[in-house]
Amino acid sequence: MEYFEIIGGKKLIGTIDVRGSKNATTPILAATILTKKECVLENLPLIEDVFRMIEILESMGAKIKWLGERKISIKNEKINPQKLDVEKIKKLRSSILLLGSLSARFDNFKLYHPGGCVIGKRPLGTHFEAMRRMGIEISQNEKFYNVVSRKRKATKVVLRELSVTATENAMMLASGMSGKTIIKIAACEPHVEDLGKFLISLGAKIEGLGTHTLEITGSKKLRGAKHKIIPDANEAATFLILAVATQSPIVINNTCEDHLDLVLEKLREFGAEFKCAKNSIQVIPAKKLRAVSKIDTRTYPGVPSDVQAPFGVLATQAEGKTLIHDSLYENRFNYIGELKRMGARAKILDPHRVMIEGPVKLSGKTITSFDLRAGATLIIAGLLAKGKTTIKDIYQVDRGYEKIEERLQKLGAEIRRIKN
């Protein structure tokens with residue numbers, strides 16, 4: 001197993017580029033199944049989750065060519081879901097996104113239970129109810145879902161919650177069949193909107209992108225398309241928080257300010273300021289960080305749950321108490337125990353709330369990355385800490401952050417990847 005070794009306590013300087021959105025890339029890759037024609041995707045992040053999704057498509061028979069460092073051609077003319085790579089599906093949470101596109105194209109198939117981060121219960125009832133209303137029959141056993149979709153139909157669907165992946169599955173199914181489908185209580189995150197734009201480029205007609213009600217008129221014969229993936233807002237937020245926490249005047253390139261409104265406002269509450277240009281944001285560090293009374297993660301346009309943990313390590317450096325409330329997941333505070341080992345003052349009040357008091361001086365320790373976002377958080381902690389920090393299980397970080405150690409080294413960070 002590989003691990004990161006970090007010598008902390010340095011201020012960083014320079015520019016860092018944000019890669020393409022992980023949460024846009026995986027559903028768009030799944031959506032290419034809807035057409036037998038060639039699709040070209042640009043600005044792919046070179047991360048483990050994207051590689052695994054590409055491999056899953058290839059296991060079914062997809063023809064994929066790399067046209068450049070971050071550009072691929074993909075053609076799903078002759079694919080067979082019976083050949084799906086079971087082991088890769090079991091390791092990838094995003095594999096559930098195959099449900100919608102495969103249901104649009106095939107009358108029956110089996111989909112093994114997906115894997116991913118251990119961050120709490122992630123029930124699929126909203127997915128299955130949406131699919132059921134669209135004529136899809138789903139039964140399951142302890143290993144896989146058996147899907148029968150020959151009675152698929154366009155209809156009105158009211159989602160049981162603002163679920164991003166359930167919205168995306170319903171969008172893909174609706175786009176791949178004839179008739180008009182209305183999806184209400186739809187998620188409207190930027191990556192959901194980006195998927196919608198790709199589906200439109202395939203030939204679907206979609207009204208209401210960016211809102212909670214979508215009207216989709218699909219087609220059984222969609223065309224090929226070219227599409228450029230949007231920048232990753234969660235990665236941009238991570239780098240912004242890293243810069244504020246380490247009091248470093250970093251410039252974050254390839255950003256979309258409109259996708260970060262509330263994240264930037266919360267960082268201003270901590271005391272930071274920013275210079276925002278068309279595609280970049282420069283951090284103006286605070287002379288003194290002050291605690292924020294409450295950070296409450298919500299669906300978009302709220303503070304994303306994916307940046308709750310980085311905000312947690314930032315709170316250890318701010319004067320006063322910060323209450324963090326993650327209403328979406330009950331196991332996203334695994335990182336708190338690791339921060340406490342480094343010297344943080346924090347108390348988990350219940351599965352959804354933690355109180356953090358600062359400022360504290362963190363000390364380097366050997367710690368473990370329990371999930372993707374916790375891994376990025378512990379890197380920030382290591383950069384803040386005095387002495388050497390060793391972070392184990394860094395595969396979790398690689399799932400969502402491309403070669404993060406090389407990019408941080410260019411800012412002056414003392415971080416290196418070590419192979420056993």
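The alpha carbons of the chain occupy a box of 60, 45, 39 Å along the principal axes, longest dimension given first.
Note on the chain: dipole from Cβ charges, positive end direction compared against Val147, Leu242, Ile356; the farthest Cα belongs to Val147. Highest mobility in the GNM of the chain, judged by mean-square fluctuation with C-alpha springs under 10 Å and restricted to Thr35, Thr155, Thr389, is found for Thr155. Qualifying GluC sites (Glu not before Pro) in the stretch 133-175, where qualification requires a DSSP coil assignment and no more than 10 other C-beta atoms within 10 Å, comprise Glu142.
Which entries of Lys287/Lys340; Lys143/Lys184; Lys36/Lys88 have Cα-Cα distances beyond 27 Å here? Over 27 Å Cα-Cα: Lys143/Lys184.
Applying a DSSP loop filter and a limit of 15 other Cβ atoms within 10 Å to the trypsin sites (Lys or Arg not before Pro) in the stretch 357-420 leaves Lys361, Lys403, Lys410. Run the paramagnetic zone check for Gln140: 7 angstrom along Cα to Cβ, then residues of the stretch 84-98 with backbone nitrogen under 14 Å. Hits in the stretch 84-98 for Gln140 at 14 Å: 90, 93-98.
Among Asp49, Asp306, Asp107, the largest mean-square fluctuation in a Gaussian network model of the chain, built with springs joining Cα atoms closer than 10 Å, belongs to Asp107. In terms of overall dimensions, the C-alpha atoms belonging to the stretch 120-244 reach 52, 37, 24 Å along their principal axes, ordered largest to smallest. Computed from backbone phi, the HN-Hα couplings of the stretch 390-396 come to 10, 10, 8, 6, 7, 3, 4 Hz, rounded to whole numbers (Karplus: 6.51 cos²θ - 1.76 cosθ + 1.60, θ = phi - 60°; Gly and Pro given as x). For the stretch 260-344, trypsin sites (Lys or Arg not before Pro) meeting the loop criterion (DSSP other than H, G, I, E, B) and having at most 13 other Cβ atoms within 10 Å: Lys278, Lys287, Lys288. Counting Lys +1, Arg +1, Asp -1, Glu -1, what net charge surrounds Arg345 among other residues with beta carbon under 10 Å of its beta carbon? In short, +2. For the stretch 302-420, the fraction of C-alpha pairs farther apart than 26 angstrom is 16 percent. Where both bridge residues fall in the chain, DSSP classifies roughly 75% of the beta bridges as antiparallel.
Less than 5 angstrom separates the built amide H of Ile250 from those of Val283, all sequence-distant by 5 or more or on a different chain.
Listed values for the stretch 77-94 are Karplus-derived 3J(HN,Hα) couplings in whole Hz (6.51 cos²θ - 1.76 cosθ + 1.60, θ = phi - 60°), namely 5, 10, 10, 9, x, 5, 9, 3, 6, 4, 5, 6, 5, 5, 9, 10, 4, 5, and x replaces Gly and Pro.
Computed from backbone phi, the HN-Hα couplings of the stretch 351-362 come to x, 10, 9, 9, 10, 10, 10, x, x, 10, 9, 7 Hz, rounded to whole numbers (Karplus: 6.51 cos²θ - 1.76 cosθ + 1.60, θ = phi - 60°; Gly and Pro given as x). Treating each Cα of the stretch 248-291 as an identical point scatterer and summing with the Debye formula, the log10 of I(q)/I(0) at q = 0.16, 0.27, 0.33, 0.34 Å⁻¹ comes to -0.39, -0.99, -1.23, -1.25. Over the chain, DSSP H runs of length four or greater, each weighted -39,500 (n - 2.57), average out per residue to a 222 nm ellipticity of -9000 deg cm²/dmol. Kirkwood analysis of the stretch 184-283, using all unique Cα-Cα pairs, places the hydrodynamic radius at 15.4 Å. Eigen-decomposition of the gyration tensor built on the alpha-carbon atoms of the stretch 22-228 gives equivalent ellipsoid semi-axes of 22, 20, 17 angstrom, largest listed first.
All of the numbers you see were taken from the coordinates with simple rules; none came from a lab. All figures in this text were calculated on a predicted structure; none of them were measured in a lab. Ideal geometry is used to build each Cβ from the backbone, glycine not excepted, and the neighbour counts take in all protein chains shown.
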